1. Taking θ as phi - 60°, what are the ³J(HN,Hα) couplings along region 107-119 by the Karplus curve (6.51, -1.76, 1.60), each to the nearest whole Hz, with x for Gly and Pro?
2. In whole Hz, with x marking every Gly and Pro, tabulate ³J(HN,Hα) for region 8-22 from phi via Karplus 6.51 cos²θ - 1.76 cosθ + 1.60, θ = phi - 60°.
3. What's the FRET efficiency of residue 125 with residue 71 using the Cβ-Cβ distance as r and R₀ = 30 Å, to the nearest 0.05?
4. Between residue 110 and residue 15, what is the label-to-label distance in nm when each label sits 7 Å out along the Cα-to-Cβ direction?
5. With a Förster radius of 35 Å, plug the Cβ-Cβ distance of residue 39 and residue 78 into 1/(1 + (r/R0)^6) and report the FRET value to the nearest 0.05.
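Derivation of every value follows stated rules applied to the coordinates shown; laboratory data play no part. Not measured: the values here are computed from a predicted model. Note: ideal-geometry Cβ built from the backbone for every residue, glycine included; neighbour counts use all protein chains shown.
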Amino acid sequence: MNTKPRHDVKAEFSKRLKYALEQRSLSTSPTFVRNAFNERYAGNPVSIQTVSNWLSGVAIPSQDKLQTLAHWLSVDSHWLRFGEVYPPIKGSLPNLSSGQIEVALGFAMLTPMHQKIVADLITSLLPNKTEEKS
């Protein structure tokens with residue numbers, strides 16, 4: 001009796017993870033992914049073996065780790081975990097200049113702490129909505 005699923009969900013996840021890394025021109029090396037992931041993840045650090053298992057289709061990360069990966073790679077976490085017909089990049093912004101896109105991609109690569117600092121700075125520079133009404 002064949003108990004193997006029609007398609008291997010772990011292998012499919014691995015393909016999507018590698019695709020997302022390649023779309024960002026990032027290395028698919030387990031060491032690189034582990035280091036970059038651990039900089040962004042608030043929980044216990046993951047090992048190279050764990051990341052190697054993700055990349056080779058042996059394992060799928062837990063939901064909190066999936067969320068961190070998706071945020072880092074600017075993809076939808078549902079797409080990363082399950083796949084879908086639509087393109088993986090969140091909210092395409094066709095009216096942005098290449099410089100603005102580069103800044104947005106750079107922002108996504110920052111640690112959560114640095115993203116908060118940048119977001120707070122941007123918020124402080126935006127016009128205050130209550131001032132505009134005066």
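1. 4, 5, 8, 6, 5, x, 5, 5, 4, 5, 4, 5, 4
2. In residue order, the calculated couplings are 7, 5, 5, 5, 5, 4, 4, 4, 5, 4, 5, 4, 4, 5, 5 Hz.
3. Here the calculated transfer efficiency is 0.80.
4. About 3.6 nm, to one decimal.
5. It comes to 0.90.
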